[in-house]
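Below is one structure, written out as structure tokens; the observations come after it.
The values are calculated or read from the model by the stated rules, or taken from the named source; none is laboratory data. These figures come from a predicted structure and were not determined experimentally. Glycine also receives a Cβ, built like all others from the backbone with ideal geometry; neighbour counts cover every protein chain displayed. Surface accessibility is based on the protein's heavy atoms, side chains included, excluding ligands, DNA and RNA. Shrake-Rupley method; radii C 1.70, N 1.55, O 1.52, S 1.80 Å.
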Amino acid sequence: MKISPEQVAKVAKLSRLELSQEKIGQYAEQLGGILGYMDKLAELDTQNVEPMYTPVDQVSVMRDDVVRKDYAREDILKNAPETDGAFFIVPRIV
Amino acid sequence: MPELTQMTLSEVRKALADKTVSAAQVTQAALLRIDATEPKVKALLSVQAEEARALAESLDATGPDPAKPLWGVPLVVKDVLATKGVPTTCGSKILENFRPVYDATAVARLKDAGAILLGKANMDEFAMGSTTENSAYFATKNPWDLDRVPGGSSGGSGATVAAGQCYGALGTDTGGSIRLPASFCGIVGIKPTYGRVSRFGMVAYGSSLDQIGPMTRSVEDAARMLAVIAGHDERDSTSVNVPVPDYVAALSERADLKGLTIGLPAEYWDKGLSPEVAEACAAAVKKAEELGAKTVPVKLNLSQYAIATYYIIAVAEASSNLARFDGVRYGHRTSAPENLLDMYVKSRTEGFGDEVQRRIILGTYVLSSGYYDAYYRKAAQVRRLIRQDFESALKECDVLAGPVCPTTAFKVGQMTSDPLQMYLMDIFTISTNLAGLPGMSLPVGLGRETGMPVGLQLTGRAFDEARMLQMAHVLEKNLPPTGLAKL
């Protein structure tokens, strides 16, 4: 599977990453090689095989929906790049 | 009595319980060992010396507590595990200043058991790598030979244990990240069954593959740590609520290997092994036979598809998991962003290293519309077939045995240029994660050519860690000791 520099640029945008032109070319080459290696899976007949997304069968574990206050707001906010003491602050949206 | 820092966890634990040594003495000896060896080995991203000394003193003030199985034992934790108030960087610049407000469950359980946290171990950024050269801070060196890598991604955990800086460490294993560094550093490393140990507080890489496990200087040590961290946790919905056997007691149930059947997968023994690895692993299997084990050839027909399957699933999960790093609630934020989108993009681009960005992009690609079925869904289907392969093999035997890696630790810088070449180093370890089975690395001697440690990999049935540990314990007692790194 070849992957073009345009495709790399598009996927980078979806991933919220900014790549230099040089890096786009480098990744296109490396990812093409990796995807080429991955293409060998096409050799296997997997018709009627149920996909396995996790080794654990228990899909949804239910618990009571109870409010818990395990952490103090000020502690949570300590790791934030910008706050007003009560909320996370981000650049203006509207 | 051997020198304090050369003792195993089990030995120092006994010395502490008998009051032959105090927690403060043990902690001080470990900290001095860190001072002496860390400039060469560079295993640790941070050291909590003052906190460790203070805790040791307060433990000594009340005296040994038989209810706490790791009372006074200094340990190290991989920097991907949340430690309350202590930096948790994941080896990434994006989390340079991050201090979690809670402990990972595995960390909390070690602390509750009386352990002393000494420091946080270096790692490949977000556990993506096999050499620990991919840390955003510095590369860790192998204590056996400073020109060689310790393996990865838990290379800091492997090196700190092998260097005698602590008595055990926690690592994490998504595709071999505990077993590979354990093999390269000549120590014991266990990847438990998926669901055996809570992942709460482990920064996720591949959520359906990741497990936390112990890295130690003996099998008994590993059993003691696993006994503390294993078991259901309501805060991880994938942790399984099944009883945890007494791993330490299980070790004394066997003096030989009579009645045990070891499966030897042809695919792991046939091709591409360096002669010294083949020789050391074959000698260990021969010893197992002498001790009464029966060996049978088994087939893992889909082994050749495991790396492709693994890297599709791992990068897909990584691209989703790492979406949370957006510069809003924690982690790096770019200075002077033009708008919200610009802030996301620049913060992530500045914060993530090259390999992390490559895997995010690859993961986003295999999940994207038009490619999802051909890659991600296909890989998930092959994953089921791989598990079935293991299930049939493990019907014919109790444990599978083979090498952890085709070679011993390679030279620094050898694997950094070609990502695909590095992915291929995981060839023998990743299937275990895809199948969710328990696996471990046991040191079985030094390679004749390089003089570096060789690890034998054991893989067991789901939740059957006890039998794997028993076998490893008997082998360890009957093989010539691999010894400790001379630093």
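Details
- Residue check: B:T349 meets all listed conditions (1) among the β-branched types (V, I, T); (2) at the interface with chain A (Cβ under 8 Å from one of its Cβ atoms); (3) in contact with a strand residue (DSSP E or B) (Cβ under 8 Å, 6 or more places away or on another chain) but one, namely (3).
- The stretch B:209-257 - residue that is of a type in the set (S, T, N, Q) and open to solvent by 10 Å² or more (accessible area, probe 1.4 Å) and, of those, nearest to the chain's Cα centre (by Cα): B:S218
- Any hit, the stretch B:86-97, residues being open to solvent by 20 Å² or more (accessible area, probe 1.4 Å), of a type outside the set (F, W, Y), touching a helix residue (DSSP H, G or I) at 6+ places or on another chain (Cβ under 7 Å) and closer than 25 Å to B:G213 by Cβ: no
- Yes/no for B:L55 being part of a helix (DSSP H, G or I), among the hydrophobic types (A, V, I, L, M, F, W, C) and over 30 Å from B:I427 (Cα atoms): yes
- The one condition in (1) over 30 Å from B:S239 (Cβ atoms); (2) more than 9 Å from every other protein chain (Cβ to nearest Cβ) that A:L35 fails to fulfil: (2)
- Among the residues of the stretch B:299-310, the ones that are more than 7 Å from chain A (Cβ to nearest Cβ) and within 30 Å of A:G32 (Cβ to Cβ) come to 8 in all.
- Unmet requirement for B:D326, which otherwise passes all of (1) at the interface with chain A (Cβ under 8 Å from one of its Cβ atoms); (2) farther than 30 Å from A:L77 by Cβ: (2)
- Residue in the stretch B:393-401 that is crowded, with 21+ Cβ neighbours inside 10 Å, of a type in the set (A, V, I, L, M), within 13 Å of chain A (Cβ to nearest Cβ) and farther than 24 Å from B:G91 by Cα present: no
- Neighbours by Cβ (under 8 Å, 6+ apart or cross-chain): first from the stretch A:7-36, of a type in the set (K, R); second open to solvent by 40 Å² or more (accessible area, probe 1.4 Å) and at pLDDT 95 or above: A:R16/B:A323; A:R16/B:L341; A:R16/B:Y344
- Checking B:L341, B:L322 one by one, the residue that is assigned to a helix (DSSP H, G or I), at pLDDT 95 or above and open to solvent by 30 Å² or more (accessible area, probe 1.4 Å) is B:L341 and no other.
- The stretch B:93-132: number of residues that are within 27 Å of B:L420 (Cβ to Cβ), part of a loop (DSSP other than H, G, I, E, B) and either within 14 Å of another protein chain (Cβ to nearest Cβ) or without any contact (Cβ under 8 Å) to a residue 12 or more places away in the chain (or both): 1
- Count of residues meeting criterion [more than 7 Å from chain A (Cβ to nearest Cβ) and open to solvent by less than 20 Å² (accessible area, probe 1.4 Å)] in the stretch B:359-388: 4
- Residues that are open to solvent by less than 100 Å² (accessible area, probe 1.4 Å), out of contact with any Lys or Arg (no Cβ under 9 Å at 6 or more places or on another chain) and within 7 Å of another protein chain (Cβ to nearest Cβ) occur at least once in the stretch A:59-68.
- The stretch A:10-23 - residue that is open to solvent by 40 Å² or more (accessible area, probe 1.4 Å) and in a helix (DSSP H, G or I) and, of those, nearest to B:A318 (Cα to Cα): A:L14
- Restricting the stretch A:38-58 to residues that are in a helix (DSSP H, G or I) and more than 7 Å from every other protein chain (Cβ to nearest Cβ) leaves a set whose member that is surrounded by the fewest Cβ atoms within 10 Å (Cβ to Cβ) is A:E43.
- As a summary of the residue check, B:Y268 satisfies the conditions (1) out of contact with any helix residue (DSSP H, G or I) (no Cβ under 9 Å at 6 or more places or on another chain); (2) surrounded by 19 or more Cβ atoms within 10 Å (Cβ to Cβ); (3) modelled with pLDDT under 95; (4) not basic (K, R) except for the one numbered (1).
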